[in-house]
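To start, the structure under review is shown below, and the notes come after it.
The numbers here are math on the coordinates, done by the rules we state, and not lab data. Keep in mind the model is a prediction, meaning the values are calculated, not measured. FYI the Cβ positions are ideal-geometry reconstructions off the backbone, even for glycines, and counts take in every protein chain you see.
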Number of protein chains: 2
Amino acid sequence: MSVTDPCELPADRKRGSNFGWSLGMVLRRWHERVEELLKDLPHGSRGYHILAVVVHEEVPTQGALAARLAIDRSVLTYVIDDLANAGLIERRPDPQDRRARRVVATERGRQTLAEAERRVAHAEDHVLGGLPEEQREVFRDLAGRAAEAIHAAAPATDPCVAAQSVLPPADQTS
Amino acid sequence: MSVTDPCELPADRKRGSNFGWSLGMVLRRWHERVEELLKDLPHGSRGYHILAVVVHEEVPTQGALAARLAIDRSVLTYVIDDLANAGLIERRPDPQDRRARRVVATERGRQTLAEAERRVAHAEDHVLGGLPEEQREVFRDLAGRAAEAIHAAAPATDPCVAAQSVLPPADQTS
DNA sequence: GCCTATCGTTTGTCAGACAACCTATCTTCG
DNA sequence: CGAAGATAGGTTGTCTGACAAACGATAGGC
């Protein structure tokens, strides 16, 4: 495949192709719905993501959890607090390293997550209602793979793009 | 970085329940890059979206612009202020309705947008670098169509999903 | 000519993100 | 062993951006 030629914008670009806007739109709606659905889960979608990783993956420590989700550690602190208060997870001292805490899900946490996942899956279908059924799965899959690639290549600052002005030199008064 | 090996994600459950996270991840990265690229455009990606609509679509008024982008009017006020100060757009009184302002792009605004779009397209290719080339276009297209459908069906509060607890009936003591 | 709705603008409030700092513990090295 | 630095987790404070409410100006109905 030859290089991407970003200078040739598909003529349709004017309306449908605001990728950033579109992503924001979909994500916003996803948030609205999920936040509504998971209102009694301690921190809504935040708690959901964390609980999901705790349940589905054997996560060594809080730090690893933060890295896995690409969120700040200080967020983890209070979300885990509240998830623990709700009896969904437990913070146990790591016998190997007493600085670290192992975060493990309780049985109740697993049940709650299972129910939450059912609801979220349903909500997602609704959010993507504008797409025919089979394309929803494609979209989810592509999003997941794009996100994983991004997460794997963590260093956000890739200087391959020069930082020069988009504005013309301001001689043409219009 | 000792024990954790965050890349060991057995594939069976890593996707399917973290669509929201994936979207957030992609969008965050998009933001980082675009905000970097458009740092001399008055409000970064915000100004970019607004300018794009002003240039590409004949938008009657600020209110219509806000509705088109699904953003708050109060945001439009100051972003348009700064875009106008930068000489990219103009606010003209609507001859039909002197409450309303027509927002039109200047020639400079058009040029700036064209340049910005080139850069953004390039950045987007980079953000989606984890996907093979042809799937990027699919992803963009799906996102665009999903977003438009969402935007068309604006009323966010659709009570088709009951708001009941995800938590089991609390048999555990605290 | 009033009264109400609408457009754009301004202001205030609130939650979430992020950085800086702190404490406890582990590790390394003298 | 003990001191010094590194690391895990937690706390605090600041900053930004979103949203609601109030405001002046103008249009349209009666």
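Can you list the HN-Hα couplings for region A:116-130, worked out from phi with the Karplus curve (6.51, -1.76, 1.60; θ = phi - 60°), rounded to whole Hz and with x for Gly and Pro?
4, 5, 4, 5, 5, 4, 5, 4, 5, 4, 6, 4, 8, x, x
Taking a point 7 Å out from Cα toward Cβ as the label site, list the nm distances between B:A67 and the same residue in every other copy, smallest first.
5.0
For B:G87, list long-range residues whose amide hydrogen, built 1.01 Å from N in the peptide plane, is under 5 Å from its own amide hydrogen.
none
Copy-to-copy spacing for B:E134, label 7 Å out on the Cα-to-C-beta vector, in nm, shortest first?
Nearest to farthest, the other copies are at 1.6 nm.
To one decimal place, what Kirkwood hydrodynamic radius in Å is obtained for region A:17-65 from all pairs of distinct Cα atoms?
Working: mean 1/r = 0.0808 Å⁻¹.
Its Kirkwood hydrodynamic radius stands at 12.4 Å.
Can you check how the C-alpha radius of gyration of region A:41-142 compares to 2.2 N^0.38 Å, as a plain ratio? Before the final figure, lay out each step's value.
Details: Rg = 15.4 Å, N = 102, 2.2 N^0.38 = 12.8 Å.
Working it through for region A:41-142, the quotient is 1.21.
Which distances, in nm and shortest first, link the B:R118 label point to the same label point in every other copy, taking 7 Å along Cα→Cβ?
B:R118 label point versus its equivalents elsewhere: 5.5 nm.
Return a whole-number percent for the relative contact order of region B:55-139, with Cα pairs under 8 Å and 6 or more residues apart as the contact set.
Numbers: 64 pairs, mean separation 21.1, N = 85.
That works out to 25 percent.
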